[in-house]
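Supplied in structure tokens, the structure appears directly below.
The values are calculated or read from the model by the stated rules, or taken from the named source; none is laboratory data. Quick caveat, the model's predicted, so the values are computed rather than measured. No Cβ is skipped: glycine too gets one built from the backbone with ideal geometry, and neighbour counts run over all protein chains shown. In case anyone asks, the SASA skips ligands and DNA or RNA and just uses the protein heavy atoms, side chains included. Shrake-Rupley method; radii C 1.70, N 1.55, O 1.52, S 1.80 Å.
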Amino acid sequence: MKPDAVLPVEMDWSSASEIADAVSSRRVSAIDVTNGALRRIAAHDSRLNSFTDLVAARARETASRVDATIAAGGEAGPLAGVPFAVKNLFDIEGLPTRAGSKINRDRAVSSRDATLIERLEAAGAVLVGALNMGEYAYDFTGENVHDGPSRNPHDLTRMSGGSSGGSGSAVGGGLVPLALGSDTNGSIRVPSSFCGIFGLKPTYGRLSRARSFPFVASFDHLGPFARTTRDLAIAYDAMQGPDADDAACVDRPIEPVTQLLGQGIGNLRIAVAGGYFKSSLSPEAREAVARVANALSVTREVELPEAARARAAAFVITTSEGASLHLDRLRSRPSDFDPAVRDRLFAGAMIPSAYVDRAQKFRRWYRTKVMELFEMVDVILAPSTPCVAPKLGQTTFVLDGVEMLVRPNIGIHTQPISFIGLPVAAVPVPLNPMPIGVQIIAAPWREDVVLRVSYALEQAGVVRAPRPKEF
């Protein structure tokens with residue numbers, strides 16, 4: 001480290017890009033940043049319950065390699081020394097992949113990291129551990145019956161969101177600046193909204209899912225969480241690229257987006273989602289969408305055709321495909337499931353195949369109709385969640401005067417989007433006392449568009465990741 005170093009060893013609230021710049025310029029060492037992150041996790045995770053596993057020895061070894069590369073005059077990468085953690089459905093060499101379950105703890109340890117972990121470490125990042133999640137990713141709350149709930153850093157009595165709850169909690173609480181999660185029906189966008197951070201659900205097939213535990217293979221996406229748009233973009237760029245180990249990963253050229261962030265919104269045609277997306281909303285959710293729309297001078301409204309049917313079809317495919325994956329476990333170890341997850345999977349196993357076929361046919365029709373919308377607009381704005389984070393254990397909420405069940409309805413506005421694999425940046429609107437998110441949605445493969453809009457809103461001060469009072 002240079003003698004005139006001015007940055008603190010524990011760069012708790014620095015962005016990933018700030019940490020990488022400081023490490024690359026030798027103003028702080030990667031090993032000091034890593035040790036600082038591990039100390040912060042030790043000090044605060046007993047309250048947040050974000051982590052299920054730490055890999056401290058591995059993290060220090062990786063950080064030391066980053067420092068050695070820089071000392072030798074080499075390039076350590078755009079994420080040099082940046083601590084990160086991953087939802088525990090990613091394979092981590094030497095650990096069993098839990099996927100939030102009790103049953104998976106009996107699995108053999110993984111012999112190789114997930115592709116996205118390998119790519120982030122190739123960019124200089126330092127893996128520090130695995131994160132809590134809803135069992136088998138079938139969850140919107142962040143409440144895990146085996147490991148306990150991951151808690152919201154803005155109010156420890158509230159949900160972090162799911163199923164990537166530990167990812168949202170860890171980034172929102174300042175334990176790491178970067179985390180990975182998965183999103184099948186909303187599991188990146190919901191924790192981003194509740195925990196007040198940025199999340200990116202890329203286009204289906206854009207990022208490799210190799211060596212991650214599946215939920216619904218035809219819906220599953222992997223993506224990053226961060227406290228700034230730039231950090232999302234840097235991580236996303238580092239993870240891009242085809243992968244023969246994931247049949248769904250599309251062989252497209254790498255399309256870097258970080259360098260495009262400053263282009264602004266230019267002549268982008270932006271609209272607000274109307275109809276279905278204006279119902280079942282709390283006042284906070286309406287306010288968040290209005291703030292973002294006003295900042296972008298958006299007056300146009302479009303309606304996604306049959307969005308309610310899209311959500312219903314997503315439920316059918318989710319439960320049936322999820323159940324098919326778990327049939328052997330349901331037969332042999334039903335008592336080791338979270339009862340709520342088990343019962344949904346049992347229900348899915350009994351859905352007639354004709355219903356599933358009809359849902360898939362509707363899915364193709366719906367995609368065609370939504371693509372027609374993107375001939376008229378470039379971006380669609382929609383709420384991420386219908387409300388701010390509910391209390392832990394809360395079972396119902398009232399939306400538009402109607403009492404609804406919490407668990408199935410948190411994703412009411414995310415499911416019609418992931419149903420057809422669209423790219424989405426989830427951005428945090430810092431309302432008081434709790435933040436809430438907005439979805440920025442674009443046509444397939446236009447991650448550059450959603451991140452440009454996110455960055456412009458962040459630069460204007462409309463969206464940001466607020467620092468929790470207790471952390």
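Checking the structure you have, find out if any residue of the stretch 85-101 is out of contact with any helix residue (DSSP H, G or I) (no Cβ under 9 Å at 6 or more places or on another chain) and modelled with pLDDT of 95 or more. First the steps, then the outcome.
We begin by selecting, within the stretch 85-101, every residue out of contact with any helix residue (DSSP H, G or I) (no Cβ under 9 Å at 6 or more places or on another chain); these are 95.
So of that shortlist, the ones also modelled with pLDDT of 95 or more come out as 95.
So far as the stretch 85-101 goes, yes, one or more of its residues are out of contact with any helix residue (DSSP H, G or I) (no Cβ under 9 Å at 6 or more places or on another chain) and modelled with pLDDT of 95 or more.
Turning to a different aspect of this structure: Could you say which residue among LEU116, LEU79 is open to solvent by less than 20 Å² (accessible area, probe 1.4 Å) and part of a loop (DSSP other than H, G, I, E, B)?
LEU79
Please determine, by comparing only the residues of the stretch 340-352 that are part of a helix (DSSP H, G or I) and without any contact (Cβ under 8 Å) to a residue 24 or more places away in the chain, which one is least open to solvent (accessible area, probe 1.4 Å).
Checking each candidate, the answer is ARG342.
Based on this model, can you work out whether VAL257 counts as open to solvent by 40 Å² or more (accessible area, probe 1.4 Å), over 24 Å from ILE412 (Cα atoms) and modelled with pLDDT of 95 or more?
The answer is no for VAL257.
Restricting to the stretch 23-38, what's the tally of residues that are in contact (Cβ under 8 Å) with a residue 24 or more places away in the chain, surrounded by fewer than 24 Cβ atoms within 10 Å (Cβ to Cβ) and within 13 Å of ALA76 (Cβ to Cβ)?
Residues that pass the stated criteria total 4.
Right, another one. Being more than 15 Å from GLU118 (Cα to Cα), basic (Lys, Arg) and modelled with pLDDT of 95 or more: is that true of ARG60 here? Don't jump to the end; show me each part of the working.
Numbers: more than 15 Å from GLU118 (Cα to Cα): yes; basic (Lys, Arg): yes; modelled with pLDDT of 95 or more: yes.
Here the answer is yes, as ARG60 does meet what is asked.
Kindly indicate whether ALA42 is modelled with pLDDT of 95 or more, within 21 Å of ASN132 (Cα to Cα) and assigned to a helix (DSSP H, G or I). Talk me through it step by step, then tell me what you get.
Working: modelled with pLDDT of 95 or more: yes; within 21 Å of ASN132 (Cα to Cα): yes; assigned to a helix (DSSP H, G or I): yes.
So ALA42 fits the description; yes.
Which residue out of THR385, THR396, THR414 is under 19 Å from PHE140 (Cβ atoms), open to solvent by 10 Å² or more (accessible area, probe 1.4 Å) and of a type outside the set (A, V, I, L, M, F, W, C)?
THR396
Write out, first by first residue and then by second, each pair whose Cβ atoms fall under 7 Å of each other, whose residues are 6+ apart or on separate chains, and whose first residue, in the stretch 406-422, is within 18 Å of VAL438 (Cβ to Cβ) and modelled with pLDDT of 95 or more while the second is assigned to a helix (DSSP H, G or I) and open to solvent by 10 Å² or more (accessible area, probe 1.4 Å).
From residues that are within 18 Å of VAL438 (Cβ to Cβ) and modelled with pLDDT of 95 or more, the pairs are ILE412/ARG311; GLN415/ARG311; PRO416/ARG311.
Go through (1) of a type outside the set (A, V, I, L, M); (2) farther than 20 Å from PRO305 by Cβ; (3) open to solvent by 60 Å² or more (accessible area, probe 1.4 Å); (4) at pLDDT 95 or above and name the single condition GLN263 misses.
(4)
Answer with yes or no whether GLU255 is within 23 Å of the chain's Cα centre (by Cα) and closer than 30 Å to LEU457 by Cα. Walk me through how you get there before you give the answer.
Numbers: within 23 Å of the chain's Cα centre (by Cα): yes; closer than 30 Å to LEU457 by Cα: yes.
In short, yes.
Do any residues in the stretch 228-249 that are touching a residue at least 60 places away in the same chain (Cβ under 8 Å) and within 17 Å of LYS201 (Cα to Cα) have Cβ atoms under 8 Å from those of residues that are of a type in the set (Phe, Trp, Tyr) and open to solvent by 20 Å² or more (accessible area, probe 1.4 Å), where the two are at least six apart or on different chains, and which pairs are they?
From residues that are touching a residue at least 60 places away in the same chain (Cβ under 8 Å) and within 17 Å of LYS201 (Cα to Cα), the pairs are THR229/TYR455; ARG230/TYR455; ALA233/TYR455.
If you don't mind, there's one more thing I want to ask. Note down all Cβ pairs under 6 Å where the first residue falls in the stretch 62-76 and is under 19 Å from ILE92 (Cβ atoms) and in contact (Cβ under 8 Å) with a residue 12 or more places away in the chain, the second is open to solvent by less than 30 Å² (accessible area, probe 1.4 Å) and aliphatic (A, V, I, L, M), and they're at least six residues apart or on different chains.
THR62/VAL126; ALA63/ALA30; ALA63/VAL126; VAL66/ALA30; VAL66/ALA76; VAL66/ALA80
Sticking with this structure for a sec: Tally time: how many residues in the stretch 119-142 are of a type in the set (Gly, Ala, Ser), assigned to a loop (DSSP other than H, G, I, E, B) and either under 14 Å from the mean Cα position of the chain (by Cα) or within 16 Å of VAL171 (Cβ to Cβ) (or both)?
Going through the stretch 119-142 one residue at a time, the tally reaches 3.
If I filter the stretch 93-112 down to residues being closer than 21 Å to THR184 by Cα and in contact with a strand residue (DSSP E or B) (Cβ under 8 Å, 6 or more places away or on another chain), which single residue comes out as surrounded by the fewest Cβ atoms within 10 Å (Cβ to Cβ)?
Among those residues, the one meeting the criterion is THR97.
Same structure, new question: Of the residues ALA244, ALA248, only one is open to solvent by 40 Å² or more (accessible area, probe 1.4 Å) and closer than 28 Å to ASN104 by Cα; which?
The match here is ALA244.
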